[in-house]
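The structure appears below as structure tokens.
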Amino acid sequence: MALALSIFVLLALTVCDAAISCQNEDGEPVDWFIIYKLPKYKIGEVGSGVDYMYLDPSIGTWQLSKYMINTSQGAIGNTLNQIYSKAINKSNSSVYVLYNDSPPDLKYIRAYGHTKGVLLFDASQGFWLSHSIPHFPSFPEMGYVYPSSGKLNGQAALCVSLHYDQFLHVTQHLVYLFPRFYNCSVPYAFATNLPQLAQLCAGQRPEALSDKRMDQLFSLQGEMFLTFAKSERFVDDIYTGWVAQVLKADLMVETWQRQGHDLPSNCSLPYHVMNIQRIRLPKSVAFNSKHDHSKWCISSADPKHLTCLGDLNRAEYQMWRGGGLLCFYNTLIYKAFKQVVDWYIEC
């Protein structure tokens, strides 16, 4: 098996010269990046709905991008264009997956996990883009199209560059989430090593061993991520009932808060979960959680330096949905998110 995989890797590398990875604002490879798309309605002003803040390992704090998210320029456009290029999209030497519980141009089906993302990798490496944007990204044959519905609320996206072997862990994460794969390609050579990914691509649901799973993931440059994945069988708020208690950290959580649907701050368990109500990014960009569709949290105590980005809102109806989080102990990311917490409901 090891010899066969080595031969497969060599063959794939000869077919695909450019290494697949997350790409920064200038189209250069980067270990990870985060974007924070600004909502249209901010406190005291109405914006374009397509501006975004950008962060990667080379930048000390949030920077307002010179690009708009509805153009194919910028980090997300550069990264996704690797899928949209015909050389990779039509090749048997790479895997790509687009998943979204609200896919573009298709009817909504509630049975799937509340999760959104993109995978692209070959036998050497690739990227995982996890995001909160409904109806995105567009089908490969359409090229890069940002949905008009994605302008209204704030959104977040995390891209991580990974070695090939890490996509086994990503696949196991997705098994618990049961995402809606609306466009994908898992060639036979990859299906042998990643049968569960091939099943998901074919519209089948692989069996999960329990109702939730926690795992470790390492980026190309060795950044360690903790992945939390829950199926609909784990009926609880992922932040309160699992992540805060396992990581032993009080959390400040930012998720989309729709009136009458959101869960209140929880102060009854050993580790508390407190709702963020208002965000203030650099250059005095402020907005309320009701206009923010992103899902993230940080530890309230500085020594933890914990940040998580993911899929689920703190809402009662989402306790019955599959979804997950990617968490990391990274000081740069933690400080970037800690500084934008403008108001939260304390215990």
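The values are calculated or read from the model by the stated rules, or taken from the named source; none is laboratory data. Here the structure is a predicted model, which means the values were calculated and not measured. Quick reminder, even Gly has a Cβ in these numbers, built from the backbone with ideal geometry, and neighbours come from all protein chains shown.
From the residues in region 31-89 that are aliphatic (A, V, I, L, M) and farther than 30 Å from M224 by Cβ, which one is surrounded by the most Cβ atoms within 10 Å (Cβ to Cβ)?
To start, the set of residues in region 31-89 that are aliphatic (A, V, I, L, M) comprises 34-35, 38, 43, 46, 50, 53, 55, 59, 64, 68-69, 75-76, 80, 83, 87-88.
From what's left, farther than 30 Å from M224 by Cβ: 43, 46, 50, 68, 87.
On the way: I43: 14, V46: 9, V50: 18, M68: 16, A87: 13.
Of everything passing the filter in region 31-89, V50 is surrounded by the most Cβ atoms within 10 Å (Cβ to Cβ).
Only residues that are small (G, A, S), in contact (Cβ under 8 Å) with a residue 40 or more places away in the chain and under 28 Å from V50 (Cβ atoms): list them for region 289-336, please. Full working, then the answer.
To start, the set of residues in region 289-336 that are small (G, A, S) comprises 289, 294, 299-301, 310, 315, 322-324, 336.
Narrowing the set further to residues that are in contact (Cβ under 8 Å) with a residue 40 or more places away in the chain leaves 294, 299-301, 310, 315, 322-324, 336.
Hits for region 289-336 are S294, G310, A315, G323, G324, A336.
Test of understanding: among Q245, Q221, Q277, Q196, which residue is surrounded by fewer than 18 Cβ atoms within 10 Å (Cβ to Cβ) and under 24 Å from Y96 (Cβ atoms)?
Working: Q245 fails: under 24 Å from Y96 (Cβ atoms); Q277 fails: under 24 Å from Y96 (Cβ atoms); Q196 fails: surrounded by fewer than 18 Cβ atoms within 10 Å (Cβ to Cβ).
On inspection, the qualifying residue turns out to be Q221.
Are any residues in region 261-318 among the aromatic types (F, W, Y) and either part of a loop (DSSP other than H, G, I, E, B) or modelled with pLDDT of 95 or more (or both), and if so, which ones? Lay out the reasoning, then the answer.
First, the residues of region 261-318 that are among the aromatic types (F, W, Y): 271, 287, 296, 317.
Those that are among the aromatic types (F, W, Y) and either part of a loop (DSSP other than H, G, I, E, B) or modelled with pLDDT of 95 or more (or both): Y271, F287, W296.
Being outside any loop (DSSP other than H, G, I, E, B) and among the aliphatic types (A, V, I, L, M) is the filter here; which residues of region 198-215 pass it?
Answer for region 198-215, where residues must be outside any loop (DSSP other than H, G, I, E, B) and among the aliphatic types (A, V, I, L, M): A198, L200, M214.
Per-residue answers, yes or no, for (1) among the hydrophobic types (A, V, I, L, M, F, W, C); (2) in contact (Cβ under 8 Å) with a residue 12 or more places away in the chain:
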site	(1), (2)
P134	no, yes
Q155	no, yes
T171	no, yes
Y176	no, yes
S185	no, yes
L194	yes, yes
Q199	no, no
L209	yes, no
G222	no, no
